[in-house]
Amino acid sequence: MDAFSSGTSSTLLVVDDVPQNLSIMGDLLQNAGYRVRVANSGRSALRYAALEPVPDLILLDVMMPEMDGYAVLEQLRREPLTRDIPIIFLTALNDARDEEHGLGLGAADYITKPIQPTVVLARVRTQLQAKLARDWLHDQNAALEAEVARRMAENELIQTVGIRALAHLAEIRDTETGNHILRTQGYVQALATRLRTHPRFAAALTDHAIRLLARSAPLHDIGKVGIPDAILLKPGPLTPDEWTVMKTHAELGARAIEHAERDIDQPVEFLSLAKEIAHWHHERWDGTGYPDGLAGDAIPLSARLMALADVFDALISPRVYKPPIPFAEARGIIVDGRGLHFDPDVVDAFLAIYDEFVAIAARYSDNG
């Protein structure tokens with residue numbers, strides 16, 4: 001038997017308030033090999049329709065006392081368990097408007113009384129085959145959706161691992177940075193989530209955009225791979241010339257990501273954001289940052305978020321040239337930079353979720 005053949009294992013529910021009609025229909029369908037339940041009222045039909053196994057098809061009399069077939073159909077369609085059961089109306093009414101009304105409510109077919117056995121069996125078989133086809137298609141679609149979701153999750157995991165590996169290339173050269181990329185990633189996501197309802201940022205910070213920001217953030221210092229060890233690992237203040245070289249890591253990182261973009265056939269959203277963050281996360285709100293001296297809203301939002309995240313983490317983390325600063329003191333420095341180093345609204349968001357920053361720092365502590 002193929003997937004679209006109606007089987008004799010199908011369960012049918014016959015509903016009629018006349019015992020003789022129930023007997024005739026029950027015998028006809030049982031002799032054809034179907035499992036049959038019977039109900040003599042609309043109320044009992046609703047109870048039996050919800051019992052396992054749920055009927056594959058209901059043959060429903062229209063004219064019944066207390067609760068007619070139309071009312072039963074409406075109730076069945078309201079319940080998730082029974083809403084998809086096909087219904088064939090059985091009726092002595094032969095007005096086309098009655099049939100139109102029943103079909104309009106969602107009935108699958110209409111059989112007029114007195115019944116003709118061959119017609120009943122043919123209509124039943126047709127509706128069961130149609131239901132099997134719908135169920136098969138639903139199962140195939142569900143399986144396909146599950147496979148697509150699995151592959152997307154797998155691709156995202158591979159992508160995340162690849163990004164982390166690239167980001168760690170920069171950190172391997174500077175062992176003091178530890179879990180810096182995990183902490184800054186957490187800070188950026190927390191800031192973006194806080195700002196998602198802010199009038200200035202609501203249009204840009206969708207759920208999708210926030211996920212991309214978090215995915216892109218670890219690549220912010222990828223350009224440090226191109227900085228000589230003598231400068232990157234120098235245990236003390238840099239000379240002006242050395243500082244000039246150090247500042248090139250922003251452009252080096254953006255250029256590396258741009259080269260990666262050229263090697264693929266279509267744009268990748270998170271790479272565009274990663275390039276923004278790498279290039280401009282050292283710009284300052286007042287225009288005194290590097291490498292391009294951008295100011296205010298000319299600095300991409302992604303870079304403005306990373307600017308605060310990066311500075312906060314640098315302040316609270318130990319370096320060979322400085323001890324870690326206490327959280328409260330770092331908080332004060334961020335506040336002092338409001339409207340100078342940082343976007344004022346981003347600072348306000350930071351203050352609102354300051355405890356979350358502290359929690360992220362603790363979760364990804366280099367001592368953990």
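The table for this structure:
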quantity: Most fluctuating residue given options GLY293, GLY186, GLY106, as computed from a GNM of the chain linking Cα atoms under 10 Å; calculated: GLY106
quantity: Two-site FRET efficiency, ASN367 against TYR321, from Cβ-Cβ distance with R₀ of 22 Å, rounded to 0.05; calculated: 0.65
quantity: Distance between region 296-340 and region 72-90 - C-alpha centres, whole angstrom; calculated: 61 Å
quantity: Mean residue ellipticity (222 nm) of the chain, computed from DSSP H runs ≥ 4 via -39,500 (n - 2.57), nearest 500; calculated: -18000 deg cm²/dmol
quantity: Candidates ASP221, ASP336, ASP27, ranked by Gaussian network fluctuation over the chain, Cα under 10 Å, top entry; calculated: ASP27
quantity: For the chain: lysine pairs under 22 Å (alpha-carbon distance), excluding those fewer than 8 apart on one chain; calculated: 8
quantity: Distance between region 19-71 and region 176-207 - C-alpha centres, whole angstrom; calculated: 59 Å
quantity: Check: region 173-363 dipole with +1 on Lys, Arg Cβ and -1 on Asp, Glu Cβ, in debye; calculated: 360 debye
quantity: Helix 19-31 vs. the chain, principal-axis angle (Cα, 0 to 90°, nearest 10); calculated: 70 degrees
quantity: Leading residue at positive end of dipole, the chain (Cβ point charges), from LEU213, ALA153, PRO117; calculated: ALA153
quantity: Option label - Cα Rg over 2.2 N^0.38 Å computed here, alternatives (i) 1.65; (ii) 1.13; (iii) 1.05; calculated: (i)
quantity: Label-point gap, in nm, between ALA295 and THR112 - each point 7 angstrom along Cα→Cβ; calculated: 8.6 nm
quantity: Global geometry of region 25-64, whether rounded, prolate or oblate, following the gyration tensor of its Cα atoms and the 1.5 cut on a/c; calculated: oblate
quantity: The chain: angle of helix 327-336 to the longest principal axis, Cα-based, in degrees nearest 10; calculated: 80 degrees
quantity: Cβ-based charge dipole, region 11-143, positive-most Cα from ILE88, LEU132, VAL38; calculated: LEU132
quantity: Dipole axis of region 176-254 (+1 Lys, Arg; -1 Asp, Glu on Cβ), positive-most option in PRO240, LEU252, LEU195; calculated: LEU195
quantity: Among beta bridges that DSSP assigns inside the chain, antiparallel share in %, nearest 5; calculated: 5 percent
quantity: Packing-based order for 42-48, 138-144, using average beta carbon neighbours within 10 Å, highest first; calculated: 42-48, 138-144
quantity: Gyration tensor (alpha-carbon) shape descriptor, region 11-143, a/c threshold 1.5; calculated: rounded
quantity: Residues with amide H under 5 Å from that of LEU59, placed H, sequence gap 5 or more; calculated: LEU13, VAL14, VAL15, ILE88
quantity: Estimated dipole of the chain in Debye, rounded to 20 [Cβ of Lys and Arg +1, of Asp and Glu -1, Cα centre]; calculated: 440 debye
quantity: Three-way shape call for region 201-307 based on the alpha-carbon gyration tensor, with the a/c threshold at 1.5; calculated: oblate
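Just so you know, all these numbers are worked out from the coordinates, no wet-lab data involved. Since the model is a prediction, treat every value here as computed from it, not as a measurement. We place every Cβ from the backbone using ideal geometry, glycine too, and count neighbours over all the protein chains shown.
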